[in-house]
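Enquirer: Before I ask anything, here is the structure I am working with.
The values are calculated or read from the model by the stated rules, or taken from the named source; none is laboratory data. Since the model is a prediction, treat every value here as computed from it, not as a measurement. Because the Cβ atoms are built from the backbone with ideal geometry, glycine has one as well, and the counts that use them run over all protein chains shown.
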Amino acid sequence: MKPWQRRQGSWGEKFFASPLSREPAIGRVRGCGGHRRRLWRGRAFERSRFQHRVDATGNQNENYRPCGGDVSQPVADIGPGILLIDKPDGITSAGVVNRVKRALKALKVGHAGTLDPFATGLLICCIDHATRLARFFLETDKIYRATLHLGVETDTGDSTGRVEAKNFSPPLSEFSGGMISEERICSAFQQFVGKISQVPPAFSALKHQGIPLYRWARRGKTIQKPPRIVTIHRLTVLDIDFPRVRFEVSCSSGTYIRSLGTDVGRALGCGGHLSQLRRIQSGRFHVDEAIPLGVLEETAAIGRLRERIIPMASALKGWPELAVGDTVAEKVRYGRPISADDIPTGCVGVPENDLTTCIKVIDEKGALLALLHRNGKGGYGYCGVFGNQA
């Protein structure tokens, strides 16, 4: 085989000689998308057939692919908003975000609260400018349903981890003998209602020196974060089928249900890990309102995904609301200072000494312009400005 006839698998265009110069190529394909070029020894680079808009006869080249994909494909213009996804197991929260971003062809998508890969349920996805609202949704209370498998403790606190201890005293065989009664299990759960000190698991998204803890743990180095105070509002045992216990928990933001399951297992003296975890509710959003991830692309293909986008103003339902006219709206759009004279007395509904509650400002069309808070000086400060993007 002659040097200029050589090809190497799927990278056949990577190294081969010019049929004109009979010289071996010394470069490699560079560029992105459909733009490719070859560097030749002492000769100008030649373009591949995918890079020409027109062919040699002057006709449109149907093989042409611009960098980044086909520009003829329409981009979905859905505007910023909130999309509720019912996440399946086996995929990370970042993976869900990437699929949403591709389906919507959005420039920016984020989520408000990570779900473990083995967990399912509600994941709040914020689109474009709505990503600025993610921190508010992240701070809301959550409701989960989980299954605790007693008798086996893992290093991750769930069924994906390595077994660290098995059949603690008393052994599982004594469950049916009454050593661990249902009353004792319910009592153990109730010990964790209220404000508790909780140690985050070693396998979590919390960071140490800029690196997530789960990456440190996979390298064999366990980083122990200091305990922190979380609140368990309600903890209910739904069903007991030894060695599995199904329960529902309403908790504050930042609570790790895997750590809760481990602590309950240790309180019973037999250990335990979560075999299932599902987020039912986050703030005012419920999983029943979410779209299953499996039908996301199909819904987008038929043009029905726009119906599932929640406008930013509607996503903040229940917040103090202030409707402003054109004059004040123009100030708010550009983030200019807002004084008490700009807003009539009694229209806000937030006491003057309340400096933490956010007030959503909408225009005459109901679009969200900004979030304000009282600054304690008779005026208002901004929590976020959205202009005409909402």
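Enquirer: State the number of residues belonging to the stretch 189-213 that are among the basic types (Lys, Arg) and more than 28 Å from LEU238 (Cα to Cα). Quick ask: steps written out before the conclusion?
Expert: Let us first name the residues in the stretch 189-213 that are among the basic types (Lys, Arg), namely 195, 207.
Subsequent filtering for residues that are more than 28 Å from LEU238 (Cα to Cα) retains 207.
Summing the residues that are among the basic types (Lys, Arg) and more than 28 Å from LEU238 (Cα to Cα) in the stretch 189-213 gives 1.
Enquirer: Here's a check for you: in the stretch 330-355, which residue that is of a type in the set (S, T, N, Q) and more than 35 Å from the chain's Cα centre (by Cα) is modelled with the lowest pLDDT?
Expert: The residue in question is THR345.
Enquirer: Every residue in the stretch 134-149 that is of a type in the set (Ser, Thr, Tyr) and either crowded, with 20+ Cβ neighbours inside 10 Å or assigned to a strand (DSSP E or B) (or both), please.
Expert: TYR144, THR147
Enquirer: Suppose the filter is of a type in the set (Lys, Arg), loosely packed, with under 11 Cβ neighbours inside 10 Å and under 25 Å from the mean Cα position of the chain (by Cα); does ARG219 pass it?
Expert: Answer is yes for this residue.
Enquirer: Hey, another quick one. Just a yes or no: is a residue in the stretch 94-116 free of Cβ contacts under 8 Å to residues at least 40 places away in the same chain, small (Gly, Ala, Ser), outside the structural domain of LEU372 (by TED's automatic domain parsing) and out of contact with any strand residue (DSSP E or B) (no Cβ under 7 Å at 6 or more places or on another chain)?
Expert: Among the residues of the stretch 94-116, at least one is free of Cβ contacts under 8 Å to residues at least 40 places away in the same chain, small (Gly, Ala, Ser), outside the structural domain of LEU372 (by TED's automatic domain parsing) and out of contact with any strand residue (DSSP E or B) (no Cβ under 7 Å at 6 or more places or on another chain), which makes the answer yes.
Enquirer: So, PRO201, is that one assigned by TED's automatic domain parsing to the domain that holds SER275, of a type outside the set (D, E, K, R) and touching a helix residue (DSSP H, G or I) at 6+ places or on another chain (Cβ under 7 Å) or not? Explain how you work it out, then say what you get.
Expert: Numbers: assigned by TED's automatic domain parsing to the domain that holds SER275: yes; of a type outside the set (D, E, K, R): yes; touching a helix residue (DSSP H, G or I) at 6+ places or on another chain (Cβ under 7 Å): yes.
Yes; evaluated as a whole, the condition is true for this residue.
Enquirer: Then there is this: Can you name the number of the only condition in (1) more than 23 Å from the chain's Cα centre (by Cα); (2) charged (D, E, K, R); (3) over 19 Å from ASP141 (Cβ atoms) that LYS207 fails?
Expert: Status for LYS207: all satisfied but (1).
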